[in-house]
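Worksheet: one structure, shown below.
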Amino acid sequence: QKEVEQDPGPLSVPEGAIVSLNCTYSNSAFQYFMWYRQYSRKGPELLMYTYSSGNKEDGRFTAQVDKSSKYISLFIRDSQPSDSATYLCAMHTGGFKTIFGAGTRLFVKA
Amino acid sequence: ETGVTQSPTHLIKTRGQQVTLRCSSQSGHNTVSWYQQALGQGPQFIFQYYREEENGRGNFPPRFSGLQFPNYSSELNVNALELDDSALYLCASTTGGGTGELFFGEGSRLTVL
């Protein structure tokens, strides 16, 4: 079993839709939870960062962490074609390495 | 503020050859990590350098090695290249606070024939 599971998609939605992206994990030692966005042929860029459980909102993006269920989510409101990218969840114990999910490819149709 | 820069952006090698990839970390960051991202996969941790010392390593063989220099720039060296080494190699820098926030470069895409 992988430490972090993420549905690779692809996920295709119309412009303006609410997008929900999810990851599950098995290592209860994870304390830091991140979402990265990766455009084609580019490096990942940090989108959202959350410590422990709870919600965090930044503009159209909301990250949720439920440590009791080992489940994290990223919601994108009013999705735009420019949101089309691969979204990677990532987790960290506080040590030296970050564990990434496989990434979900998102397409937002105009 | 200067971001993470990597070179070269693309390169093609043949099996058995050696390759060196370079990375300049973001200003103010003293910790550099290298990741391998195969097509359709998430990045996999190779190793991390802090103050010129390797302080963490993932599940990669010894033919993957690295260096960090006093200015915090870094190199990734891969010897005896194999076909499966074809991937995007990402360098990421951080302040080393142990929170996992990584700032990535654009990557070096390596193709092994």
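The values are calculated or read from the model by the stated rules, or taken from the named source; none is laboratory data. All values derive from a computational prediction rather than experimental measurement. All Cβ positions, even for glycine, are placed from backbone atoms using ideal geometry, and neighbour counts span all protein chains on display. When the accessible area is computed, the model is the full protein with side chains, heavy atoms only, and any ligands, DNA or RNA have been set aside. Shrake-Rupley method; radii C 1.70, N 1.55, O 1.52, S 1.80 Å.
Suppose the filter is out of contact with any Cys (no Cβ under 9 Å at 6 or more places or on another chain), within 14 Å of another protein chain (Cβ to nearest Cβ) and hydroxyl-bearing (Ser, Thr, Tyr); does residue B:95 pass it? Answer is yes for this residue.
If you take just the strands (runs of 3 or more DSSP E) that sit entirely in the range B:1-105, which of them hold at least 1 residues that are among the polar types (S, T, N, Q) and open to solvent by 50 Å² or more (accessible area, probe 1.4 Å)? Fully inside the range B:1-105 and qualifying: B:5-7, B:19-24, B:44-50, B:53-57. Among the residues making up the range A:87-106, those that are closer than 18 Å to residue B:93 by Cβ and crowded, with 20+ Cβ neighbours inside 10 Å are A:88, A:90, A:92, A:96, A:98, A:100. Can you name every residue in the range A:6-18 that is open to solvent by less than 50 Å² (accessible area, probe 1.4 Å) and at the interface with chain B (Cβ under 10 Å from one of its Cβ atoms)? Listed by number, the list holds a single entry, A:6. Tell me, please, whether a residue that is open to solvent by 10 Å² or more (accessible area, probe 1.4 Å), of a type in the set (Val, Ile, Thr) and within 18 Å of residue B:100 (Cα to Cα) can be found in the range A:76-86. For the range A:76-86, residues open to solvent by 10 Å² or more (accessible area, probe 1.4 Å), of a type in the set (Val, Ile, Thr) and within 18 Å of residue B:100 (Cα to Cα): absent.
Selection of the range A:19-52 for residues being surrounded by fewer than 20 Cβ atoms within 10 Å (Cβ to Cβ), part of a strand (DSSP E or B) and within 9 Å of chain B (Cβ to nearest Cβ) yields A:32, A:45, A:46, A:49, A:51. Here is the figure for the range A:62-90: residues that are farther than 19 Å from residue A:43 by Cβ and either part of a strand (DSSP E or B) or within 14 Å of chain B (Cβ to nearest Cβ) (or both) total 10. Residues that are over 11 Å from the mean Cα position of the chain (by Cα) and either closer than 21 Å to residue B:41 by Cα or acidic (Asp, Glu) (or both) within the range A:39-69 comprise A:39, A:40, A:41, A:42, A:43, A:44, A:45, A:57, A:58, A:66, listed in sequence order.
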